[in-house]
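The values are calculated or read from the model by the stated rules, or taken from the named source; none is laboratory data. Remember, predicted model here, so these are calculated numbers, not experimental data. Cβ coordinates were reconstructed from backbone atoms using ideal geometry, including for glycine residues, and neighbour counts include every protein chain displayed.
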Amino acid sequence: MSEGVEAARAILRANDRGGYTVPAARLYPFQWNWDSGLVAMGWATFDEARGWQELETLFRGQWADGLVPHIVFHAPSEDYFPGPEVWGTRGALVPTSGITQPPILASAVQAILASSEKRPAAEARAAGLYPRLLASHRWWARARDPAGTGLVASLHPWETGMDNSPSWDAPLARVPTETTTPILRRDTGHVNAAERPRGTEYQRYIHLVDLFRGLGWDARLMLAQSPFRVADIGTNAILLRAEHDLLALARRFGSPAEAAEIVARIPPAEQAIGRLWSEADGLYLSYDLTADAPIAVPTASGLLPAFAGLRPHAARLAATLAAWSEAVAWPVPSTPPSSPLFEPQRYWRGPAWPSVNWMLADGFARLGKEGAARALAASTVRMILGGDFHEYFDPRDGTGLGGADFSWSAAVRLLLAKFPRA
Ligand code: DGY
């Protein structure tokens, strides 16, 4: 039950740069948005004050329009590309990127508050963060779903957090490979290149950064002109869950008008996500907003509506999870092994990820699928420990891949300590 807990705490302490936690020492030497949501919850299992501080420090990078950037560059580092000079943003007091990441922060705040053992202090920290979260959710609605469709757009694969997911192959192929910024990858100096995205993908990633920088990071122009524009099922599911968590916070710390505003966003999101259900695949699909068509490439992200508490297809989703889990030794593969696109060691094209596993274990437990949740929690803990707290894992044999001593793997180990059989 407590195996690896001390090691996990030690990793968070070692990756602490004074108020924020780097995901991994050299590979990711700044503060990342959704990593910090998980990491804050991990810290809070043994140091609540430090958990709150993680989120407060991240919000130093929030822009005046509400955007929470995907990277906050608190201190310089030569170890990462593209650094602040490539982004060229001016939205916050500290240098930041100009795109975002899956919005898990309201859920992190609500989770830390709900399990807090230091009530008055926790109430005060959560109350301080609430207006930041509200501004961030308003940004999502305004900047990424101005027509009120119920689905928000992601404009860069990095925004989905699942950079080289096979779901993005077709939409990303529309993005030119030419860049004005010279590509000086650092990631492949830290990690085996076979475990990272390919060179042409990086060219397209940087093309988008060049384009957006040229548009002055104007949200309206970016949405109108980005050649990559998807409704990522993962991001939309995480946002829907976060809306429920933000609503709980609004009822405590906000006004009735704010709560009503959040309530009004939930049914359109539920209905729009519902339309992304694929009966043939037994999960949800992302949607290509440029082609105006579903992206018929199933990935683990299509299971994440379980994290949002969506009930209609919960039993079928649990069956899909079970089938995928039986096909590998160490679930959940990010791409099903039956797919011709399955690459078991290459980043988001096959490996199992602690972050996804935690969201699925949490979601299925809340949906009453406790057996599935407990089994996944237990195997995830064994995978993280056996693979030495790496970033992601080969689902065939549990080999640890990507960055070592990874903060979100440590955080997930700590979070799963509360699952009975983990
Ligand atoms: C990276 O650099 O690999 C990140 O995923 C981008 O945020």
Please give the number of the condition Trp34 fails out of (1) surrounded by 21 or more Cβ atoms within 10 Å (Cβ to Cβ); (2) within 14 Å of the ligand (Cβ to nearest atom); (3) in a loop (DSSP other than H, G, I, E, B).
-> (3)
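Quick grid of which residues meet (1) within 16 Å of the ligand (Cβ to nearest atom); (2) under 22 Å from Val412 (Cβ atoms):
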site	(1), (2)
Glu48	no, yes
Leu58	yes, yes
Ile71	yes, yes
Ser77	yes, no
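If you check Asp405, Asp362, which single one turns out to be of a type in the set (D, E, K, R) and more than 20 Å from Gly234 (Cβ to Cβ)?
Working: Asp362 fails: more than 20 Å from Gly234 (Cβ to Cβ).
Among Asp405, Asp362, only Asp405 is of a type in the set (D, E, K, R) and more than 20 Å from Gly234 (Cβ to Cβ).
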Pairs, first within 18 Å of Gly161 (Cβ to Cβ) in segment 20-34, second within 11 Å of the ligand (Cβ to nearest atom) and at pLDDT below 95, C-beta under 7 Å, six or more apart = none
The condition from (1) without any contact (Cβ under 8 Å) to a residue 24 or more places away in the chain; (2) over 22 Å from Gly4 (Cα atoms); (3) within 16 Å of the ligand (Cβ to nearest atom) that Glu326 misses is numbered (3)
Tally the residues that are over 23 Å from Met162 (Cβ atoms), in a loop (DSSP other than H, G, I, E, B) and not acidic (Asp, Glu), restricting the search to segment 67-88.
-> 5
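Are there helices (runs of 4 or more DSSP H) fully within segment 333-422 with at least 1 residues that are closer than 14 Å to Ala300 by Cβ? List them.
Values: elements: 354-366, 370-386, 407-415.
Here the list reads 354-366, 370-386.
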Find all pairs meeting these conditions: Cβ atoms under 6 angstrom apart; at least six residues apart or on different chains; first residue within segment 129-154 and within 18 Å of Arg220 (Cβ to Cβ); second residue among the basic types (Lys, Arg) and not in a loop (DSSP other than H, G, I, E, B).
-> Val152/Arg144; Ala153/Arg144
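Assess whether Arg396 counts as being surrounded by fewer than 24 Cβ atoms within 10 Å (Cβ to Cβ) and at pLDDT 95 or above. Break it down stepwise before answering.
Working: surrounded by fewer than 24 Cβ atoms within 10 Å (Cβ to Cβ): yes; at pLDDT 95 or above: yes.
Answer is yes for this residue.
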From the set of residues in segment 146-199 that are more than 15 Å from the chain's Cα centre (by Cα) and on the phi > 0 side of the Ramachandran plot, which is nearest to the ligand (Cβ to nearest atom)?
-> Gly150
Only one of Val109, Val22 is within 15 Å of the ligand (Cβ to nearest atom) and surrounded by 20 or more Cβ atoms within 10 Å (Cβ to Cβ), namely Val22
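Taking the condition touching a Leu at 6+ places or on another chain (Cβ under 7 Å), hydrophobic (A, V, I, L, M, F, W, C) and more than 28 Å from Asp210 (Cβ to Cβ), does Ala126 pass?
Numbers: touching a Leu at 6+ places or on another chain (Cβ under 7 Å): yes; hydrophobic (A, V, I, L, M, F, W, C): yes; more than 28 Å from Asp210 (Cβ to Cβ): yes.
Yes; evaluated as a whole, the condition is true for this residue.
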Test Glu117 against the stated conditions and say whether it is charged (D, E, K, R) and either touching a residue at least 12 places away in the same chain (Cβ under 8 Å) or touching a Ser or Thr at 6+ places or on another chain (Cβ under 6 Å) (or both).
-> yes
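Looking only at segment 310-330, count how many residues are part of a loop (DSSP other than H, G, I, E, B) and touching a helix residue (DSSP H, G or I) at 6+ places or on another chain (Cβ under 6 Å).
Initial filter on segment 310-330 (part of a loop (DSSP other than H, G, I, E, B)): 310-313, 327-330.
If we keep only those that are touching a helix residue (DSSP H, G or I) at 6+ places or on another chain (Cβ under 6 Å) too, we end up with 330.
Adding up the residues that qualify gives 1.
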Taking segment 276-288, which residues are under 22 Å from the mean Cα position of the chain (by Cα) and charged (D, E, K, R)?
-> Asp288
